Amino acid sequence: MLPEHRGTGLGKALLRQLAQVCLERGYTRLEWWVLDWNAPSIAFYASLGAVAQDEWTTYRLDTEALKALGA
């Protein structure tokens, strides 16, 4: 989100809409990722009741490793 849009309620509105879609479809959770250093976003998500899932580690293959595995 662009800095000028922070604090306007857009992020909360988006997450509220996504939560409504999840409930309408019978989903039991909504998940997303945030970088560890992004303290303002982490605080915002926590204020909504979101809980960090620290037991998971994200892995990525990119560039040369992706090429090597896919060759």
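Checking T57 against (1) in contact (Cβ under 8 Å) with a residue 24 or more places away in the chain; (2) open to solvent by less than 100 Å² (accessible area, probe 1.4 Å), only one condition comes out false. Which one?
It is condition (1) that T57 fails.
Inside the range 33-54, can you point out the residues that are over 19 Å from G7 (Cβ atoms) and in contact (Cβ under 8 Å) with a residue 12 or more places away in the chain?
W33, Q53
Select, from A52, A65, A71, the only residue that is surrounded by 11 or more Cβ atoms within 10 Å (Cβ to Cβ) and hydrophobic (A, V, I, L, M, F, W, C).
Testing whether each residue is surrounded by 11 or more Cβ atoms within 10 Å (Cβ to Cβ) and hydrophobic (A, V, I, L, M, F, W, C) leaves just A52.
Can you pull out the residues in the range 1-36 that are outside any helix (DSSP H, G or I), under 20 Å from V51 (Cβ atoms) and of a type outside the set (F, W, Y)?
T28, R29, L30, E31, V34, L35, D36
The values are calculated or read from the model by the stated rules, or taken from the named source; none is laboratory data. Values in this document were obtained by computation on a predicted structure and should not be read as measured data. Glycine gets a Cβ as well: all are built from the backbone with ideal geometry, and neighbour counts include every protein chain shown. Just so you know, the surface numbers come from the protein's heavy atoms only, side chains and all, with ligands and any DNA or RNA stripped out. Shrake-Rupley method; radii C 1.70, N 1.55, O 1.52, S 1.80 Å.
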